[in-house]
1. Could you pull the Rg and Dmax for the range 246-316, using just the Cα atoms, both in Å?
2. Can you check what the Kirkwood hydrodynamic radius comes to for the range 310-415, Cα pairs only, in Å to one decimal?
3. What is the packing order of peptides 369-382, 303-316, taking the mean over residues of other C-beta atoms within 10 Å and listing the highest first?
4. Would you mind putting 391-404, 417-430, 252-265 in packing order, based on average other-beta-carbon counts within 10 Å, highest first?
5. Ranked highest first by the average count of other Cβ atoms within 10 Å around their residues, in what order do 405-415, 338-348 fall?
6. Quick check for the range 323-425: number of Lys pairs with alpha-carbon distance under 18 Å, counting only pairs 8 or more apart or on different chains?
Amino acid sequence: MSIGLMNLAFLKKRKAEPALSFIVKRASDSLNNSMSDRSEANSRGRQNRKRTKRYSRRKLNVRSRRLKRKVLFSSAESRLKQFRQASVLAVAMTGFIILLLSLTDQTFSQVPDSVNGIDSGQEANAILNEPVNDDEKATDEAFNALENLWDNFTYNYPKILIAIGCLFLAWLFNRLIKLILGSMLKRVPSASGIIIITTLSVWLLAIGVAFSVVAGDFRALVGSFGLVGLALSWALQTPIESFTGYLLNSFRGYYNIGDRIRVGEVFGDVYKIDFLSTTVWEIGSPYQPGFVNAEQSTGRLVTFPNNEILTGTVINLTGDFPFVWDEIVVVVANESDISYTMKLLEEKAKDIIGDYMQEPAKKYTTILRKAKLEETVPEQPQVYVAANESWTDLTIRYLVAARERRKWKTILQVQIMEEFNLAQHKDKIIPVYPRQQIQIIDPDGIPTDPSNFRDS
């Protein structure tokens, strides 16, 4: 009996051995396949990463080459422009100096030779009869040139004094004009522009009179002014445009000292306005992110040329109306009671800033009606709703002073968060936070309860 049982167990073992070896072989084959697949995937991933690195390097090299070319081209263009302006200005000034010297030489040559007490014929005969030496001749020519220069200076000295006197009188007259016009045009918005135009006209007239006295011929004066004006218009384009922008701002009043403006890429409070440039105290975010993350002063002075007024856009935040519209966004979950939350935000914003914005809203309405813009400005904060990816944005819109945006935004944010944290709003206002939601669907596509899978 025992022998039979042993034989039966031996036979079962012999039958189970092939099945077990087959299972082990299948498992090892599948493991090898998975490892080979993983190695292939890793190699493919390495190849893809290498390709992306090569592509990114090529792209970076192309960008760097383009940037270098652009920088070199811009620098060469600026240098060529400066050389052109300098050459034109040098040619114009040289021509003007030559014109003045030729006029003075011509006027001095009209003086008769008998002034020196020597007749021209006798002097010529004496020169012809005397023996000529090269060294003596060179010395005589040098002394004659110096004598001619001194004679020209002594001849034009009274004219130069008269010209300086004309310029001095023009300076005194301009100071008197500034005092008179400054007292008469106190309430005129473009008083500074009128004063500048008047003083500039006086200076131009005085300079014209001074040159005419020195040159002695009005036609030569007009010709020289034309040449010099043409050369200066080409060589000094940017300063002329900047001065034109200054005059335009003086008459139109785009901004004044103390206004908060944005011109091109510059944003700040106006500190100084000159003939050719404007200086502002720089303001930080949102226009200068990364330095000061708020719409407050950074402490830096920024200067830009006045020609930006002609070529760019001027944004004045405190010109005729020193208030701006501001917004604060409150984010809640989609499961919140939106109507209840909107009503709560309106009441809270009204309690905080409602009285503050009533008077500015009335002034804003008056300004719009004068401009024939029939628009009613709300005197209380407004709340608006906007759907987002997986939450809801509630935006509070209110009117506030341009320099107090950060202050009122902080007050509103703090008090609204304190109100939301109260226990009475716990089930009605649900805060939003990063989350993931998993939904289990049965084979028929119907969502099921995960507890059913726990029991199974």
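1. 11.6, 36
2. 15.3 Å
3. My ranking of the peptides, most packed first, is 303-316, 369-382.
4. Answer by packing, highest mean first, reads 391-404, 252-265, 417-430.
5. 338-348, 405-415
6. 8
Read-outs throughout are calculated quantities, based only on the coordinates presented, and are distinct from any laboratory measurement. Since the model is a prediction, treat every value here as computed from it, not as a measurement. Cβ sites come from the backbone with ideal geometry, for glycine too, and all protein chains shown count toward neighbours.
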